[in-house]
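The values are calculated or read from the model by the stated rules, or taken from the named source; none is laboratory data. Just so it is clear, the model here is predicted, and its values are computed rather than measured. All Cβ positions, glycine included, derive from the backbone under ideal geometry; neighbour counts span all protein chains shown.
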Amino acid sequence: MKTPTLFRTWMALVFLVWAPLASAQDQAPIDEDSRKHQWPTEGKVGEDFLDVAKELRCPTCTGLSVLESDAKFSVQIKDIVKEQVEQGKSKDEILAYFTERYGPWILRAPPKSGFNALAWILPIAVLLLGPPLVWFFVWRRRRVVSSQGVRSSDAILAEMNERLTAMKPRTRA
Amino acid sequence: MLADIGFFLVFLCTVLSIYGAAAATLAAFWRHRRLYRSARAAITVAGVLATIAALILWYSFFIRDYSIGYIFKNSSNDLPAMYTITAFWSSLEGSHFLWTLLISLFSGLALWTYSKDNEHIMPYVAASLASVMAWMNYLLISHSDPFLRMFPTADNGQGMNALLQNPYMAIHPPTLFTGYTALAIPAAYSVAALGYGDITEGWLKTTRRWALFAWIALTAGIILGGRWAYVELGWAGYWAWDPVENSSFIPWIFCTALLHSLVVQDKLGHLKRLTLILAFLGFFFSFFGTFITRSGVISSVHSFAESPIGPNYLIFLAAMLLIVSLLYAFRAHSILPAETDKVWGISKESALVVTQFLLLTLATIVCVGTLYPIISEAITGERTTVQAPYFNAFAPWIGLGLVLAIAVGNMMRYQTAKIPEGSKLMIGAALSAAPLTAALVYFGDVMATPKPFALGAQLVGMFLCAWSFFCLTFDLGLRLKDLRFKLALFFKRNLAYFGGYVAHVGLLVAILGFLGNYRGVNKIATLNAGESVAFYGYDLKFERVRVSEYDNATHFEGVMQVSRDGRPLGELAPARSKYPTKAELHHEVGVRSGFWHDLYATLSDFDRSSGARATFELHLNPTVRFVWIAAFIMCAGGILALFDRYRGDKSRDAIRALD
């Protein structure tokens, strides 16, 4: 019969599953109490919470923010963020709080100061300075073509003009 | 016993490739035809033997020969048949084997299907391909040996990682590897052009075909990977700018840039040296990406355990870079620029150069961002993280530039700044784009975006994509009009152009899909059995957690009934699944896919004792389906272009007013 089997399966699984629970996103266990956490997602508090939580990385996952992850460590961080947002701290203050404790590694992008500013300046520099540099080094090399389709250059043209002028018969003034 | 035969075959392949590389190099220097033929035979036989070895490995998988360590680690007795096949490439040694197999097969194919005009450069091509094959085969018999035995033999294997037991993940590696290895042929032809000292007649046609083939495979492979991440990983996205994703994206960028450079080279004979550089770099970065992720230098979802393969890759990459750089430095001058005068200034050519610039800038940014954590740690000693926010700060701007370049570039003509009927086209496109944008905004419910910047970005982005689409279409109409709408004639001569048109439209559709990421509507809800939550007009009523067993896992499904305005729409059952051989619970996401948006739910947590309470994460993912559709459109465009005869215009050095 199905029901006893199902019940037995449930009981077995309750014991089997409870212990080695782990999130697929990382190898740390899901916080069993995470269902007790209600993250604010509405209103100004919710917006601020989402803003800050999006910028902190999940320390035990690869590539996820604490907002996206439900790993134990992330949940703890989200708790602290929720507390501080409810206390009225600004985004910069909260991020600075975490940076102080974990280092700039906890942020999802390099901070825009010190050596790390290079990471931000480089792409902007390439995007802005690139076109003028390309234009200067490549595009400006114009080749002058005479009517016969023969390639020449400014220097050769100037020299030939000079010689032509020298060869011209001098007219009386 | 079979495993030993397999290993011996791979060993033979190594010997043959080393011989092939040596013989082909000598054949190139001495212009010795018989040596080249011998090298070609060696490479072909190596391909055949590699295939046999691969079949041996597959056969061993099916007979569950757990004496082979690789099979023990990656399969189990209950692994379904399809995944037993794909277990071949589920881990480092096997995926390296697949890569080697593909490169052996493609090298053989390239050496037998060359253009008659290119016969005298084939020794160089063979030498390049064989040296890569030799190194890859060497790795197969040393650090990355899939045939390594393991005694005593176990009764059951450790099973495949549950994340990989998904149809998308099954075809994603072979498709992507096909792209990577196909890039080897244009790279080999570039080395050949440098070695020989000139770009031969049939060079362009062959390179273009292989580059297109690689591009189609790469596009398909990358988007398949994204689709896998979307349905398997449970964070409601498909692209995380993860290092291994980036390292597949960079070769794609270079391949795209290569294709555009080849277009200019075909029409005007310009940008020859840029083509050579792009072809090589595309191939180089396909290995480089693998090196930084598989060697553990940067951690990523694809990181396997650190293995001695890292230093090997480093030496190979450094040697390849050094040799090709020296070759370029000494031989590039012999690649003569074109005879036509360079009419710089505003023309289709300059639009293509702008495209190259944008693409290469994107490649630089992705590369810098991916490598930055290592660089900063090496220099400052401080660890930093570079994740999606960094890349998302720059990529949309480049995307914007590309959308504009697609529209303007396609309307322009070569060697003239005049766009035929330009203002009519652009204004007409703007007028047509307005209703299309309005429809997209209305049906896609774009105005529901909470943040103003995101809303503005979507509106502007959608309008520009629509405008670009109409510019492209009107340009196509103009060309058809030139031929008096004789469609058969048009397609006979212009398949490459039409393929490009379709591929560009596909990219615009994909960008429309990406714009949906700006919407940002999601919710976390904890529900007791029988409770409902309202989300974006949907009503989701949680029933209970249901336990079911199928395939080889136990699934805990959080069953929800979805309804909208009282109308029941069906069931949504995001689940966590447990596989017997691993301890973790994996996500099975619940998705209701519609054309305009996906309703995406994951089960973050549930009450294990009663199953009467669960926490769900709900996401609204607008226009995700556009991205999957775009994949088909882009690949269709590529395939269409493959069929062009590429007869080329023999008088391409002449100055022409029309393109």
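Per-residue answers, yes or no, for (1) β-branched (V, I, T); (2) without any contact (Cβ under 8 Å) to a residue 40 or more places away in the chain; (3) buried (at least 16 other Cβ atoms within 10 Å of the Cβ); (4) part of a helix (DSSP H, G or I):
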position: B:A429; (1), (2), (3), (4): no, no, yes, yes
position: B:A439; (1), (2), (3), (4): no, yes, no, yes
position: B:L455; (1), (2), (3), (4): no, no, yes, yes
position: B:C465; (1), (2), (3), (4): no, no, yes, yes
position: B:I511; (1), (2), (3), (4): yes, no, yes, yes
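Within the range B:428-473, which residues are under 26 Å from B:M411 (Cβ atoms), more than 27 Å from the chain's Cα centre (by Cα) and among the β-branched types (V, I, T)?
Scanning the range B:428-473 gives B:T437, B:V441, B:V460.
Hey, B:L109 hits all of (1) under 27 Å from B:F288 (Cβ atoms); (2) buried (at least 18 other Cβ atoms within 10 Å of the Cβ) but one; which does it fall short on?
Failed condition: (2).
In the range B:342-364, is there at least one residue being surrounded by fewer than 21 Cβ atoms within 10 Å (Cβ to Cβ), in contact (Cβ under 8 Å) with a residue 60 or more places away in the chain, farther than 21 Å from B:Q265 by Cα and within 11 Å of chain A (Cβ to nearest Cβ)?
Checking the range B:342-364: not a single residue is surrounded by fewer than 21 Cβ atoms within 10 Å (Cβ to Cβ), in contact (Cβ under 8 Å) with a residue 60 or more places away in the chain, farther than 21 Å from B:Q265 by Cα and within 11 Å of chain A (Cβ to nearest Cβ).
Select from the range B:129-151 the residues that are of a type outside the set (A, V, I, L, M) and not in a loop (DSSP other than H, G, I, E, B) and write down the one among them that is surrounded by the fewest Cβ atoms within 10 Å (Cβ to Cβ).
Checking each candidate, the answer is B:R149.
For the range B:608-630, which positions are crowded, with 22+ Cβ neighbours inside 10 Å and among the small types (G, A, S)?
B:A614, B:A630
Being part of a helix (DSSP H, G or I) and surrounded by fewer than 23 Cβ atoms within 10 Å (Cβ to Cβ) is the filter here; which residues of the range B:631-643 pass it?
B:A631, B:F632, B:I633, B:C635, B:A636, B:I639, B:L640, B:L642
Pick from B:V408, B:V386, B:V403: which is β-branched (V, I, T) and facing chain A (nearest Cβ under 8 Å)?
On the way: B:V408 fails: facing chain A (nearest Cβ under 8 Å); B:V403 fails: facing chain A (nearest Cβ under 8 Å).
Criteria check complete, one pass: B:V386.
Go over the candidates B:D445, B:D482, B:D475 one by one and state the one that is acidic (D, E) and either on the phi > 0 side of the Ramachandran plot or modelled with pLDDT of 95 or more (or both).
B:D445
Does B:I199 count as in contact (Cβ under 8 Å) with a residue 60 or more places away in the chain, under 16 Å from B:F254 (Cβ atoms) and among the aliphatic types (A, V, I, L, M)?
no
What's the number of the only condition in (1) in contact with a Phe, Trp or Tyr (Cβ under 6 Å, 6 or more places away or on another chain); (2) closer than 21 Å to B:A41 by Cα; (3) hydrophobic (A, V, I, L, M, F, W, C) that B:A130 fails to meet?
With respect to (1) in contact with a Phe, Trp or Tyr (Cβ under 6 Å, 6 or more places away or on another chain); (2) closer than 21 Å to B:A41 by Cα; (3) hydrophobic (A, V, I, L, M, F, W, C), B:A130 is out only on (1).
Would you point out the residue of the range B:519-538, among those that are part of a loop (DSSP other than H, G, I, E, B) and touching a residue at least 60 places away in the same chain (Cβ under 8 Å), that is farthest from B:Q458 (Cα to Cα)?
The extreme case among them is B:A529.
Taking the residues in the range A:120-153 that are part of a loop (DSSP other than H, G, I, E, B) and more than 7 Å from every other protein chain (Cβ to nearest Cβ) as candidates, determine which candidate is modelled with the highest pLDDT.
Taking the candidates together, the pick is A:S153.
In this structure, is B:G558 exposed (fewer than 14 other Cβ atoms within 10 Å of the Cβ) and either under 20 Å from A:D70 (Cα atoms) or not aliphatic (A, V, I, L, M) (or both)?
Judged against the criteria, B:G558 is not a match.
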